[in-house]
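The values are calculated or read from the model by the stated rules, or taken from the named source; none is laboratory data. For clarity, every value in this text was computed on a predicted model and none was experimentally measured. Reconstructed Cβ throughout: ideal geometry from the backbone, glycine too, with neighbour counts over all protein chains shown. Surface areas here come from the heavy atoms of the whole protein model, side chains and all, with no ligands, DNA or RNA. Shrake-Rupley method; radii C 1.70, N 1.55, O 1.52, S 1.80 Å.
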Amino acid sequence: MTNIKETSSTNGYINSNTKHVVRLRRVNKSFQVGDSAIPVLKELSLEVHAGEFISIVGQSGSGKSTLLNMVTGIDFPTSGEVLVTGQDVNTMSENELAAWRGKNVGIIFQFFQMLPALSLLQNVILPMAFAGILPRNQRKARATELLELVGLGDQLHKLPNMVSGGQQQRAAVARALANDPQLLVADEPTGNLDARTADDVFDIFVRLSSEGKTIIMVTHNQVLAGRVPRVIELEDGRISRDEYSGVKVPTI
């Protein structure tokens, strides 16, 4: 896989001249329930620099998944500004969002979301076919390379239900990397895995971070969160803590 050292991150810390990949300004999000508007995010502002690896933690209902939905353009704020990879997410049409997301954002879900009728290899090729960035005759080789990267080089042609949950999540990471996106967003990527397998998947994130990928990971796993250079805690729709943990991701 192409090494993507395009940032000025050094050992998990960010220089002041590094560009922003994510910038949220005074974002509010409310959901209508009957006659009432229920606030979920409240005047939330956040900046994520290129090359940062951050974890987002907080109790259930604190707004973690809603925040990820703002960043990925899956949902829109009630008010405020959301800029991701230099794009104003709020102003794009559904078709523009789909094209932008396919090229710029890799999403890793808690429940894998692998298409059951396709092999692992075909699942990884699919985002390339949708985005149309890579020529058709190069897609299989790239998908194979990515699956080898996550330790699944001998499982290419198996269906998702023929491999373990941990292997499906590894394949989901490979799929998220298919179009070499600027940003990886992971929503509880180890939530359904045992501790050893969760560590293995997390180690893949560490490796990708060391190569310069920007990663935002929501997790309930406090042990894993503590191994990430920057930790953001949400409480009642607001950022209650935003600090560097002292962890330094090694630079390759």
- the chain: antiparallel bridges as % of DSSP beta bridges, rounded to 5, reads 60
- Efficiency by 1/(1 + (r/R0)^6): what FRET value for residue 109 and residue 81, r their Cβ-Cβ distance, R0 = 22 Å, to the nearest 0.05? 0.25
- Options 37, 161, 244, ranked by Cα towards positive dipole end of the chain, top entry (Cβ charges): 161
- Expected unfolding gain across residue 98-residue 42 under the 0.36 nm per residue rule, minus the alpha-carbon gap, is 17.5 nm
- Reachable lysines from residue 248, Cα under 23 Å, same-chain residues fewer than 8 places away excluded? 5, 19, 213
- Query: Stretch residue 130-residue 60 to full length: gain in nm at 0.36 nm per residue minus the Cα-Cα span?
  - Reply: 21.8 nm
- Message: Run the paramagnetic zone check for residue 25: 7 angstrom along Cα to Cβ, then residues of the range 41-64 with backbone nitrogen under 13 Å.
- Response: 45-47
- Task: Compute the separation of the alpha-carbon centres of the range 65-89 and the range 182-252 and state it in Å as a whole number.
- Result: 20
- Mean accessible surface per residue for the chain, computed with a 1.4 Å probe while every protein chain stays in place, in Å²: 46
- Take the solvent-accessible surface of the protein heavy atoms, probe 1.4 Å, and return the percent of it on the chain that carbon and sulfur atoms account for. 48
- Query: To the nearest 0.05, what FRET efficiency results for residue 192 and residue 154 with a Förster distance of 25 Å applied to their C-beta separation?
  - Reply: 0.65
- Item | For residue 151, net neighbour charge (Lys/Arg +1, Asp/Glu -1) across residues whose Cβ lies under 15 Å away | -1
- Task: Between beta-carbons, use under 11 Å as the cut-off and find the net charge around residue 85, counting Lys and Arg +1, Asp and Glu -1.
- Result: +3
